Amino acid sequence: MVLEFFDFLFSYFTPFRVFSYLTIRGAFAALTTLLICFIFGNKIIELLRRLKIGQFVREDGPQTHLQKTGTPTMGGIFIILSVVIAMLFWGDLKDKSVWIVMGAFLAFGAIGFTDDYLKVTRHNSAGLPVWAKLLAQFAVALTVVLIMYFTGEENSTALYIPFFKNPVADMGWLWVPFAVLLIVGESNAVNFSDGLDGLLAGLLILVFLTLAVLTYITGRVDYSDYLGIPYIPGAGELTVFCLAAAGACVGFLFFNAPPAEVFMGDTGSLALGGAVAVVSLMIKKEILLFIIGGVFVLEIASVVIQVISYKLRKKRVFKMAPLHHHYELSGWAETKVVIRFWIIGGLFAIISLSTLKIQ
């Protein structure tokens, strides 16, 4: 909306043209989400307290977490609201990529909200049945992927691998199930990583900043040609979304830092995880996502390994899954686990960006 307004003003006063630049709009989108979280964060937390929307903590987990019982959850609400408002102000609403990502973002947020709401009203950790939650995720993912498949560019089904300039294969219709699995897997991987104060918000800041760089250069003919990566028309507009999401995560981290005043809940983790996957698909960084979100891969891998090991051998590989709980039960302080995982997340971000020149 603001973009159209400044376009109108540009005809009268040329300096207003600065607001048409992606970098400026992205910076202001981040600032907008950050300020919204700062200004309304305490009010939303207080409202959640009054509504008695508190977190239920499992008794079989780290005993230090029991004191967190009752902490307001569903804090992902003000992440979602702030990003939506920022995109209405600073995003180019004529760009289809913005609507696709925002649609996935809101739909996965709705699934998470339903799951959180059921947990709160039932006063236990049993929200949506696993089959219902997965069914909803697959339905949303399939809808988003089909839209991308039928409206995408010529190379939308090409598979690119880090360190290779050219696509290794055109997946054709097989790209559809691949993309669906990637979206569902990433949204759940991000969800599994939400378990310690500040952990997920800090990791997502790194991921969205990395994606902001990738979307920006992918949407520019000159940069993409120089780096030997596919040029995706309109991809640059996703930079605004990524910076808005990064700003919202910074604002949320202000309240989620130890000791947390509010938890993100599935409302935020599923929404942000789904958005990360969709953005990576739109800029042809599907495989690179495994490096960008390397910590998320380790977290969900630990859950899969734990379940398979216990089913087959009746033995646990980790003291508790996901992985961050294993280190907590091994004697690491919660803040030490969080900061070390942030450091690892930063290393993955650096490695992923380095692949742009090593190919």
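The values are calculated or read from the model by the stated rules, or taken from the named source; none is laboratory data. All figures in this text were calculated on a predicted structure; none of them were measured in a lab. Note: ideal-geometry Cβ built from the backbone for every residue, glycine included; neighbour counts use all protein chains shown. For accessibility, only protein heavy atoms count, side chains too; no ligands or nucleic acids. Shrake-Rupley method; radii C 1.70, N 1.55, O 1.52, S 1.80 Å.
May I ask you to say which residue of Ser187, Ser156 is open to solvent by less than 50 Å² (accessible area, probe 1.4 Å), within 26 Å of Val337 (Cβ to Cβ) and of a type in the set (S, T, N, Q)?
Ser187
Quick check on Lys311: is it farther than 29 Å from Thr73 by Cα and either open to solvent by 10 Å² or more (accessible area, probe 1.4 Å) or in contact with a Ser or Thr (Cβ under 6 Å, 6 or more places away or on another chain) (or both)?
Yes; evaluated as a whole, the condition is true for this residue.
Filter region 100-111 for residues that are closer than 19 Å to Ile53 by Cβ and either over 18 Å from the mean Cα position of the chain (by Cα) or surrounded by 21 or more Cβ atoms within 10 Å (Cβ to Cβ) (or both) and give the result.
Within region 100-111, Gly109, Ile111 qualify.
Residues that are under 24 Å from Leu356 (Cα atoms) and part of a loop (DSSP other than H, G, I, E, B): does region 171-182 have at least one?
yes
Grab the helices (runs of 4 or more DSSP H) fully contained in region 285-359, keeping just those with 1 or more residues being of a type in the set (S, T, N, Q) and more than 18 Å from the chain's Cα centre (by Cα).
So the answer is 294-313, 334-354.
Under 7 Å between Cβ atoms, which residue pairs at least 6 apart in sequence (or on different chains) link something in region 274-303 that is under 16 Å from Leu214 (Cβ atoms) with a partner that is crowded, with 24+ Cβ neighbours inside 10 Å and charged (D, E, K, R)?
These pairs meet every condition: Val276/Glu186; Ala277/Glu186; Leu289/Glu186; Gly293/Glu186.
Across region 228-279, what is the number of residues that are of a type in the set (Phe, Trp, Tyr), touching a helix residue (DSSP H, G or I) at 6+ places or on another chain (Cβ under 6 Å) and closer than 16 Å to Gly41 by Cα?
Count: 2.
What single numbered condition from (1) under 27 Å from Phe108 (Cβ atoms); (2) surrounded by fewer than 23 Cβ atoms within 10 Å (Cβ to Cβ) fails to hold for Phe296?
If we test Phe296 against (1) under 27 Å from Phe108 (Cβ atoms); (2) surrounded by fewer than 23 Cβ atoms within 10 Å (Cβ to Cβ), just (2) comes out false.
Being at pLDDT 90 or above, at negative phi and surrounded by 17 or more Cβ atoms within 10 Å (Cβ to Cβ): is that true of Gly127 here?
Considered against the rule, which asks whether it is at pLDDT 90 or above, at negative phi and surrounded by 17 or more Cβ atoms within 10 Å (Cβ to Cβ), Gly127 comes out as no.
For region 288-320, which residues satisfy the criterion of being touching a Pro at 6+ places or on another chain (Cβ under 6 Å) and not β-branched (Val, Ile, Thr)?
If the condition is that a residue be touching a Pro at 6+ places or on another chain (Cβ under 6 Å) and not β-branched (Val, Ile, Thr), then Leu288, Glu299, Ser302 are the ones that fit.
Got a sec? Which of Leu243, Leu200 is open to solvent by 10 Å² or more (accessible area, probe 1.4 Å), assigned to a helix (DSSP H, G or I), within 17 Å of Thr33 (Cβ to Cβ) and in contact (Cβ under 8 Å) with a residue 40 or more places away in the chain?
So the residue among Leu243, Leu200 that is open to solvent by 10 Å² or more (accessible area, probe 1.4 Å), assigned to a helix (DSSP H, G or I), within 17 Å of Thr33 (Cβ to Cβ) and in contact (Cβ under 8 Å) with a residue 40 or more places away in the chain is Leu243.
Quick one: in region 81-99, which of the residues that are open to solvent by 20 Å² or more (accessible area, probe 1.4 Å) and not charged (D, E, K, R) is modelled with the lowest pLDDT?
Result: Leu93.
Find all pairs meeting these conditions: Cβ atoms under 8 angstrom apart; at least six residues apart or on different chains; first residue within region 88-100 and within 14 Å of Ser20 (Cα to Cα); second residue open to solvent by 70 Å² or more (accessible area, probe 1.4 Å).
Once the first residue is within 14 Å of Ser20 (Cα to Cα) and sits in region 88-100, its partners that are open to solvent by 70 Å² or more (accessible area, probe 1.4 Å) give Phe89/Met1; Phe89/Phe28; Trp90/Phe28; Leu93/Met1; Leu93/Trp99.
Please state which of the following conditions Thr114 fails to meet, knowing it meets all the rest: (1) out of contact with any strand residue (DSSP E or B) (no Cβ under 7 Å at 6 or more places or on another chain); (2) touching a residue at least 24 places away in the same chain (Cβ under 8 Å); (3) crowded, with 17+ Cβ neighbours inside 10 Å.
Every condition holds for Thr114 apart from (2).
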